[in-house]
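Here's the structure we're looking at; comments come further down.
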Amino acid sequence: MSSFDLNSINAALTDPGSTINGVDFSGKSLKLDTAHDAQPIVEAINACPELHYLTLTGNTLGVSAAEAIAKSLEQHPELKIARFSDMFTGRMKTEIPPALAALGDGMITAGARLRVLDLSDNAFGPIGVEGLAKLLQSDVCSELEELRLNNNGLGITGGRLLANALSARPRKLKIFVAGRNRLENDGATALAKVFQNMGTLEEVAMPQNGIYHVGITALSEALKKNTQLARLNLNDNTVGSKGACAIAGALSNLPNLKCINFGDCLLKSKGAKALAKAFKDNSLLLESLDLSHNEIGRDACMEVVDALTALPDSYDRLSRVVLAGNSLGGASDKKTMKDKLGASAELSDGEESDDEYVTDSEEEEEDESESEEEKESEDSAPEDSQHIDDSTSFGNDVLLNKSGDLTLDTSGIEEVETDVGKFLQQPTVENLTRLGPNAADVIDAHLQAIKETADHIQAYVDATLCVSGLSEQSARAKVVAEEMIPRLIQRAGERHAAQWLLANTVLSGLGLIKSEDKTRKIRWSLPPCYACIARCMSAPYFPVALRDTLQFFANAKKSTIPYAETLCRCKKRNIILLSVVFKGSSGLKHKNKMSETLKLNLQFGGGAELLFDRIKKREIELPALNKYLPDSNKEKWTIRELLMWIKDNLLKERPELFLQGDSIRPGILILINDADWELFGELDYELQNKDHIMFISTLHGG
């Protein structure tokens, strides 16, 4: 095969007189469900004698349409560029893997050798990578130079699957883009191992991925091996000072680095200074640098400017330097920076403050170090844990006011002068004792004044956890906590939205997920909180859905929050029993004998209803099992037989999107009376009269 220059073909694509040919249907907003729908594209491909590029961006393909297009691709081994971004809007995720696999098979059959593959803005998640795996591992991608997977919702699992597919053979990627994918530390670390073996990367863009310094450090080590790297974009990850130091250590191996985007990375002054020193020590010839909104102090900003302008050609070389959103000092400081940077400077700090974000003092640098150490314990479970403070004191919230006196940081806490208000601000045994023998009633009466639902639930969760956090220190606190938990459940109400809000608030209060309110801090000891809630989880009043949600997230976090395992110890038998009792199922009264019919409530959601004429709720009546399956020796209906019945009676087409063999297709969640079917034995669960069975697709396209 003759040599192929990517830059030449990209230039040729924009030259009307070039001999580079291809098919471009970008931005047509075509909805292509069937082979007939895809016929215009098929005809264009068949009419193109030399198909160097195919662009389908901005349309939506179903499986049948993709298969038709794939068939036409089988005749074009010369294909080099496949731009398939924004190509599955409105599709169920179960449609995307077979569609991707079909397109891949067409190129594999043709013997094509892609140089560019763009699948950005397709929200296919981890399951989409499964559809891509065969293509990425094939000879079609053996010479791939540019891979764009921006905004695909890969998550940690998708990141690992992608790394596994890319590691199947040696790679020579030059451009890798995978922003907005929530790869987090684990996904980034998996990809870093692949990068380390490449050595050819020229551009890496992984913004908005929830990566902390652990993942940043892994990427930094990998990038040392890619000495031709020219562009690095890690915008809106939590690089922090530790991550910045790791990157600074790699810069000596990256002499060709021209463009860096570390905006919104919480570098602070310490991280900015580490980078500035590395820029200067390694005489980097940077052309573009974005350090905006990083809480960098004035002196550190000046060090960055001095490092960038140390070489005599900097005035002409620098095209863009963004320090906006940091503390730049007064007008004279900004003028000095502007004079040094010239037209490249973007310096607005928004607040025009001389001391905003200044973190150069010894005390503040120590606080930052503590914050980084806390982040080191954060894992990459489905959601990173928020800051966890296990102490019952307010030691970490002590600040110095302008007079030099100690004061408490009560940000995010309503200032109330009552005894309850004082307890909620500083939850100690002494302050709880001041509330008297009926502390739960006093707290309850105080919180009843809050009318807004979200604030009301937040206040009850905070109060309950403040009390629960003291339960190991005080027997009285333990009693009050176990009085507060049922009140919390009751006050939240039974509406679905309120129950969801309650679960979200409790999870964030226990440090199992991040709080959306970044100003909130955990100010209670967590281990006793877990113990108190675990003791109440088997009570009849405790919602099954809330318990199962808590157990799911606690199980995901138990490696980093050992005491979270307390919530995971509820026995399976008790879970099933409580689920039946709480939901009012008559499963304990009915024997589900062969002679009885069985009434069930079925519900389809999350896109699964599209396979059932868009009908979300159905009430069905199953005959005696021996009438439906005369040859069966079973007496009772189970989920296994129910799926067969649904296929025969409700599902009229495309069963492969709902079933896989005799089980449910991966990506469709089954809930039995609002609890995960895994808790009930999955396919072998024996159905009870009036059971509520939900089928929810967790995988949406678009």
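The values are calculated or read from the model by the stated rules, or taken from the named source; none is laboratory data. Owing to the predicted nature of the structure, the values given are computational and were not obtained by experimental measurement. All Cβ positions, glycine included, derive from the backbone under ideal geometry; neighbour counts span all protein chains shown. Remember, those area values only see protein heavy atoms, side chains included, never the ligands or the DNA or RNA. Shrake-Rupley method; radii C 1.70, N 1.55, O 1.52, S 1.80 Å.
Numbers below:
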item	result
Amide proton proximity set for Leu659, modelled H, under 5 Å, gap of 5+	Arg665
Over 18 Å [Cα-Cα, segment 236-297], rounded percent	26 percent
Accessible heavy-atom area order of Leu683, Leu103, highest first, probe of 1.4 Å	Leu683, Leu103
Sequence of Arg113, Arg160, Arg171 from largest to smallest accessible area, 1.4 Å probe	Arg160, Arg113, Arg171
Amide H contacts of Asp290 (H built 1.01 Å from N, under 5 Å, at least 5 apart or other chain)	Ile260, Asn261, Phe262, Val322
Protection-proxy order for peptides 323-331, 132-140, each taking the mean of Cβ atoms within 10 Å per residue, highest first	323-331, 132-140
J(HN,Hα) series, segment 206-216, from Karplus relation 6.51 cos²θ - 1.76 cosθ + 1.60, nearest Hz, glycine and proline x	9, x, 6, 10, x, 8, 9, 4, 4, x, 4
For Asp24, residues with placed amide H under 5 Å, excluding near neighbours	Thr55
Measure of compaction for segment 39-91 (Cα Rg per 2.2 N^0.38 Å)	1.10
Probe 1.4 Å, protein heavy atoms only - accessible area per residue of segment 227-332 in square angstrom	35 Å²
Peptide ranges 441-449, 519-527 listed from the most packed, as the mean C-beta count within 10 angstrom indicates	519-527, 441-449
Table column - 3J(HN,Hα) (Hz), segment 271-284, Karplus curve with 6.51, -1.76, 1.60, x for Gly and Pro	x, 5, 5, 5, 5, 4, 4, 5, 4, 6, 5, 9, 6, 5
Largest-first ordering by accessible area, 1.4 Å probe, given options Met537, Met302	Met302, Met537
With all protein chains modelled, accessible area of Ile175 [1.4 Å, Å²]	20 Å²
Integer Hz, Karplus 6.51/-1.76/1.60 couplings in order for segment 38-50, x for Gly and Pro	7, 4, x, 5, 4, 5, 5, 5, 5, 7, 8, x, 10
Net charge dipole size for segment 216-358 [Lys, Arg +1 and Asp, Glu -1 on Cβ; Debye, nearest 20]	680 debye
Extension reserve of the Thr519-Ala310 stretch, reckoned as 0.36 nm per residue once the Cα distance is removed	71.3 nm
Unsatisfied cross-links (Cα-Cα over 22 Å) in the set Lys616/Lys636; Lys634/Lys690; Lys28/Lys174; Lys134/Lys652; Lys627/Lys647; Lys242/Lys334	Lys616/Lys636; Lys28/Lys174; Lys134/Lys652; Lys242/Lys334
Spatial separation of Cα centroids for segment 643-659 and segment 41-66, in angstrom	31 Å
